[in-house]
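Have a look at the structure below before the remarks.
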Amino acid sequence: MDTARQDPGGQAPPWAAPQADGPLRARLRVPGSKSMTNRALVLAALAAGPADIRNPLQARDTLLMAGALRALGATVHMGATVHRGATADAPATGGSATVEDTGITDGAGAPAWRVSPGWAASDTRVDVGNAGTVMRFVPPVAALASVATEFHGDPRASQRPVGAIISALRELGAVIDDGGRGAIPFTVHGAGSLAGGAVTVDASASSQLVSGLLLAAPRYDKGLEVRHRGGRAPSAPHIAMTVQMLRDAGATVETATRESAPDARPDTWFVHPGPLGDRPITVQPDVVNTMPFLAAAMVTGGTVTILGWPAVTTQPAGHILRVLREMGADCAAGPGGLTVTGPTALRGITADLADCSEISMVLGALAALAGSPSVLTGIGHQRLQETDRLAALATEINALGGDVTERPGGLEIRPRPLRASRPFATYDDHRLVMAAAVLGLVLPGLRVENVATVGKTFPGFTSAWAAMLERAP
């Protein structure tokens, strides 16, 4: 992979990834979940009246979602403490990442956002950026509008899978002009309503293809039956998150499973038509964004506590704890949060990450530092994310002297001594910034290009990372 073509690293000098001097001891909080925030925004925009979203994440992806819903006519008020100059392309430094007892707070995120439903009176335009949730959640909403909505985004957005959403909406009666590409850019010609009914999609490229249809389904005249037919849908916990948040908002959602399904996962979802309530929605801390901090405990043999770790969640918390324990961690969750203590030596792992693929880049960095080989599977769809993540991580770790082999559905990682020979390219992908930060803890002199791209989901990441290291004894 040619990093020069993928990573605009010339935007700013490379970030010098901090090195750990010894075992870390830190207690910290992470911002709210991007996945929950963007689902909450859609549900609130379709609600019966104004609704509050508590503890929202303020980052590029969520600002893009708020901007998309505003374009369709909703009002999203972010409160007096939000920087008024923030835009999707230049977000405020919010995110509310804090490290306990240090006095360090990254940004000025509002404690709650208020969303008031409404519809645009004239044709409009939505910028999806490179946010998968925006490009897949908003078109089913746009089909309910009475105007034409043009969708456009970053160059990479045109390469990401949205064809299944376009086909499904057409099958339900929506009129969409995509020039035959099945990709961004495209225009949804809303007619003010959509009949709904039954539709079949292949969500093996992204679970968001199912979630996007489900979120708008209560507002369709007949509701919606969504059937997944194809390879295993990745990130199943995120579909479960969608279903639970719909139910919490007052929707009636039923699921069904094929008898032949080997893992007994739902593959059909029934959403009944009806109003969505306007009760407040509380966003949990983003457990996926805790992964680099927990990995820091693993790499240094230290202890990191995540404050506010949810006791009950549809996020992939259990999957994260499972892989950390298999690599040798001691994990203890309680009223004070989640505490992870790293082992004296990391063990390699063989792991199917289909249900928690967003941790695969950080886990790959851990595997490169382990004492035995690792095999990560179930992540072939990660080739269609912000970048081809499998190729990107293999390229960057191998450039450091590692030994990573790409497989169609995953990676084989054989640990070798690493050295910082050139800046680590991040391919405009927030997860690669986090992976590089973990490697930098034990790799002297590692520099990371385009670290600002981490603002996609965690604008305060580098400040929180530095604060964690300052806590070390």
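Annotation for the stretch 356-367: at least one member residue is assigned to a helix (DSSP H, G or I) and at pLDDT below 95. From the list Glu396, Glu412, Glu406, Glu386, the lone residue that is in contact with a His (Cβ under 9 Å, 6 or more places away or on another chain) and assigned by TED's automatic domain parsing to the domain that holds Gly440 is Glu386.
Just one of the listed residues (Ile176, Ile166) is in a helix (DSSP H, G or I) and farther than 22 Å from Arg60 by Cα, namely Ile166. Restricting the stretch 9-24 to residues that are aliphatic (A, V, I, L, M) and more than 14 Å from Pro444 (Cβ to Cβ), the residue that is modelled with the highest pLDDT is Leu24. Each residue in the stretch 273-325 was checked for being in a strand (DSSP E or B) and either surrounded by fewer than 22 Cβ atoms within 10 Å (Cβ to Cβ) or polar (S, T, N, Q) (or both), and 3 of them qualify. From the set of residues in the stretch 204-235 that are at pLDDT below 90 and surrounded by fewer than 20 Cβ atoms within 10 Å (Cβ to Cβ), which is farthest from Glu171 (Cα to Cα)? Looking at residues that are at pLDDT below 90 and surrounded by fewer than 20 Cβ atoms within 10 Å (Cβ to Cβ), I get Arg232. For Ala297, the stated conditions hold: it is of a type in the set (Gly, Ala, Ser) and touching a strand residue (DSSP E or B) at 6+ places or on another chain (Cβ under 6 Å). The residue that is nearest to Ala205 (Cα to Cα), among those in the stretch 400-424 that are within 27 Å of the chain's Cα centre (by Cα) and free of Cβ contacts under 8 Å to residues at least 24 places away in the same chain, is Glu406.
When Ala20, Ala59, Ala74 are checked against the criterion of being in contact with a helix residue (DSSP H, G or I) (Cβ under 8 Å, 6 or more places away or on another chain), more than 21 Å from Leu214 (Cα to Cα), surrounded by fewer than 24 Cβ atoms within 10 Å (Cβ to Cβ) and small (Gly, Ala, Ser), Ala20 stands alone in meeting it. Filtering the stretch 165-213 to residues that are of a type in the set (Asp, Glu) and over 21 Å from Leu72 (Cβ atoms) leaves Glu171, Asp202. From the list Val312, Val340, Val323, the one residue that fits, being within 24 Å of the chain's Cα centre (by Cα), without any contact (Cβ under 8 Å) to a residue 12 or more places away in the chain and closer than 21 Å to Ser33 by Cα, is Val312. Test Thr257 against the criterion of being β-branched (Val, Ile, Thr) and farther than 27 Å from Gly409 by Cα, and give yes or no. For Thr257, the condition - β-branched (Val, Ile, Thr) and farther than 27 Å from Gly409 by Cα - is not met. Among the residues of this structure, Thr257 counts as one that is more than 25 Å from the chain's Cα centre (by Cα), among the hydroxyl-bearing types (Ser, Thr, Tyr), assigned by TED's automatic domain parsing to the domain that holds Gly118 and surrounded by fewer than 22 Cβ atoms within 10 Å (Cβ to Cβ). What number of residues within the stretch 13-34 satisfy the criterion of being under 30 Å from Ile281 (Cα atoms) and part of a loop (DSSP other than H, G, I, E, B)? Number satisfying all stated conditions: 3. Condition first: charged (D, E, K, R), in contact with a His (Cβ under 8 Å, 6 or more places away or on another chain) and either surrounded by 24 or more Cβ atoms within 10 Å (Cβ to Cβ) or more than 11 Å from Pro292 (Cβ to Cβ) (or both). Can you find one or more residues in the stretch 451-472 that meet it? The answer is yes, given that some residue of the stretch 451-472 is charged (D, E, K, R), in contact with a His (Cβ under 8 Å, 6 or more places away or on another chain) and either surrounded by 24 or more Cβ atoms within 10 Å (Cβ to Cβ) or more than 11 Å from Pro292 (Cβ to Cβ) (or both).
Of all residues assigned to the stretch 181-188, at least one qualifies as being farther than 30 Å from Arg279 by Cβ, under 24 Å from the mean Cα position of the chain (by Cα), at pLDDT 95 or above and part of a strand (DSSP E or B). When you check Asp123 against the structure, is it of a type in the set (Asp, Glu), more than 20 Å from Leu246 (Cβ to Cβ) and at pLDDT below 95, yes or no? So Asp123 does not fit the description; no.
For the stretch 368-391, enumerate the residues that are surrounded by 24 or more Cβ atoms within 10 Å (Cβ to Cβ), of a type outside the set (Gly, Ala, Ser) and in a helix (DSSP H, G or I). Within the stretch 368-391, Gln382, Arg389, Leu390 meet the criteria.
Among residues that are assigned to a helix (DSSP H, G or I), within 25 Å of the chain's Cα centre (by Cα) and of a type in the set (Lys, Arg), Arg227 is not included.
Candidates Thr303, Thr314: the one that is β-branched (Val, Ile, Thr) and closer than 22 Å to Asn55 by Cβ is Thr314. Among the polar types (S, T, N, Q), modelled with pLDDT of 95 or more and not in a helix (DSSP H, G or I): is that true of Thr426 in this structure? Against the criterion (among the polar types (S, T, N, Q), modelled with pLDDT of 95 or more and not in a helix (DSSP H, G or I)), Thr426 qualifies.
Residues in the stretch 392-399: is at least one farther than 16 Å from Ala370 by Cβ, crowded, with 24+ Cβ neighbours inside 10 Å and in contact with a Leu (Cβ under 9 Å, 6 or more places away or on another chain)? Yes.
Scanning the stretch 33-51 for residues that are buried (at least 24 other Cβ atoms within 10 Å of the Cβ) and touching an Asp or Glu at 6+ places or on another chain (Cβ under 6 Å) gives Ser33, Lys34, Ala51. Applying the condition of being in a strand (DSSP E or B) and touching a Gly at 6+ places or on another chain (Cβ under 8 Å) to the stretch 334-350 and asking which residue is modelled with the highest pLDDT yields Thr341.
The values are calculated or read from the model by the stated rules, or taken from the named source; none is laboratory data. What you see is a predicted model, and the numbers here were worked out from it, not measured in a lab. Cβ coordinates were reconstructed from backbone atoms using ideal geometry, including for glycine residues, and neighbour counts include every protein chain displayed.
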